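Please treat every number below as a calculation from the coordinates, not as lab data. As the structure is a computational prediction, the values presented were derived from the model and not from experiment. Positions of Cβ are generated from backbone atoms using ideal geometry, with glycine treated the same way; all protein chains shown enter the neighbour counts.
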Amino acid sequence: MLEQIQQATQFIQSKTQRTPRIGIILGTGLGALAKELIIETTLSYETIPHFPLSTVEFHSGKLLLGTLEGKPVVVMQGRFHYYEGYSMQQVTFPVRVMHALGVRTLLVSNAAGGMNPDFQTTDLMVIEDHISLLLPQNPLVGPNPPEFGDRFPDMSEPYSKSLIDLAFILAANLGIPLKRGVYVSVTGPQLETRAEYRMLRQWGADAVGMSTVPEVIVANQMGMAVFGASVITDMCFPDTLEKADITKIIAAAGTAEPKLTALMKALVGQLND
Ligand code: HPA
């Protein structure tokens, strides 16, 4: 895999003049931040050596290089999901490539179901912690060359406390209400049963989704500082559960998107490049 990472990295480097220190992964229905970039290069995933192909139609599947708030950034517009049939190593391959490009801070977003009764649809939840244990595979299982990082990475602070604190200060200045909570990842693609939501809530999760955690595990192994935010797209209370409607979920993501975009932009503005 090291050679594949190198080849992908060299290809991307041949298309840009800059060294991005900040990487951003935009979740389902949350691509609008891309419009705020001054784009230098757009690379479809299928043109990058060894990148998996994005298969879900509402993920546009592009790597964007450019500047945001004057800082060089690399942005994944669309990510890879385990439910599409990729291995966890494939799902997280772009994070390793981002690291090889120079990225040391990773900002991630996703759409998630809300299980905390204090939440409402279109709320923005800062991810304080996560639960990975329900995933059937782990991106760190297998050979672990030293370039990957520790064999047994620490997970005591998978989401940078200083970035979380900064986000709350910036959001307050922008007038954006923020929630905070624990994100649990499942593979999907089916949504959860009532019994599953009840269990996930009892296990301490505030939001549930089908992404993010594998990428964050790999980013942590590589020593990156991570910030994550979930847009709450549907409410998942076992006793009052309504039928899931994917068009409503995407619409809720779209409604919350301006808040997320403003917050991410403000955060990037405060980061070192
Ligand atoms: N479950 C899993 N993933 C999701 C959900 C959900 O309820 N809502 C949005 N993504």
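What to note about this one:
- In degrees, nearest ten, helix 88-101 long axis to first principal axis of the chain (Cα): 50
- As a proxy for reagent exposure, ranking Ser162, Ser132 by other Cβ atoms within 10 Å from fewest up yields Ser162, Ser132.
- Karplus-derived HN-Hα couplings along the stretch 116-133 (A = 6.51, B = -1.76, C = 1.60, θ = phi - 60°), whole Hz, x at Gly and Pro: 7, x, 7, 8, 10, 4, 6, 5, 10, 10, 6, 7, 8, 6, 9, 10, 9, 5
- Here the contact order of the stretch 216-261, divided by its residue count and restricted to Cα pairs under 8 Å and six or more residues apart, works out to 37 percent.
- Rough spin-label spacing in nm, given labels placed 7 Å along Cα→Cβ, for Asn272 and Ala195: 5.2
- When you filter the chymotrypsin sites (Phe, Trp or Tyr not before Pro) in the stretch 156-233 for DSSP loop state and at most 13 other Cβ atoms inside 10 Å of their Cβ, you are left with Trp203.
- The stretch 210-255 shape via C-alpha gyration tensor axes, a/c threshold 1.5: prolate
- The tail of the calculated P(r) for the stretch 114-273, taken as Cα-Cα distances beyond 30 Å, holds 19 percent of the pairs.
- Distance from the stretch 223-273 to the stretch 130-155 (C-alpha centre basis), Å: 25
- The three principal axes of the C-alpha atoms in the stretch 133-208 carry coordinate ranges of 46, 39, 21 Å, sorted with the longest axis first.
- For Gly27, nonlocal amide neighbours, meaning residues 5 or more places apart or on other chains whose placed amide H falls under 5 Å from its own, are Ser109, Asn110.
- Overall form of the stretch 1-110: oblate. Here a/c, set by the Cα gyration tensor axes a ≥ b ≥ c, is 1.5 or more, and a/b is not larger than b/c.
- Amide H contacts under 5 Å for Ile131, placed H, 5+ residues apart: Tyr183, Val184, Ser185
- Likely footprinting exposure, Ser44, Ser211, Ser230, Ser14, fewest C-beta neighbours within 10 Å first: Ser14, Ser44, Ser211, Ser230
- Loop-located chymotrypsin sites (Phe, Trp or Tyr not before Pro) across the stretch 1-101 with a Cβ neighbour count of 16 or fewer within 10 Å are Phe58, with loop assigned by DSSP.
- The helix-only estimate of mean residue ellipticity at 222 nm for the chain, built from DSSP H runs of length n ≥ 4 each weighted as -39500 (n - 2.57), is -10000 deg cm²/dmol after division by the residue total.
- Residue exposure sequence - Asp234, Asp239, Asp273, Asp123 - by fewest surrounding Cβ within 10 Å: Asp239, Asp273, Asp234, Asp123
- Of Gly209, Gly228, Gly85, the one that fluctuates the most in a GNM where the chain has Cα springs shorter than 10 Å: Gly85
- Kirkwood Rh (inverse of mean 1/r, distinct Cα pairs), the chain, angstrom: 18.6
- Normalising the Debye intensity of the stretch 191-273 to I(0), with uniform scatterers on Cα atoms only, and taking log10 at q = 0.20, 0.25, 0.27 Å⁻¹ returns -1.09, -1.25, -1.30.
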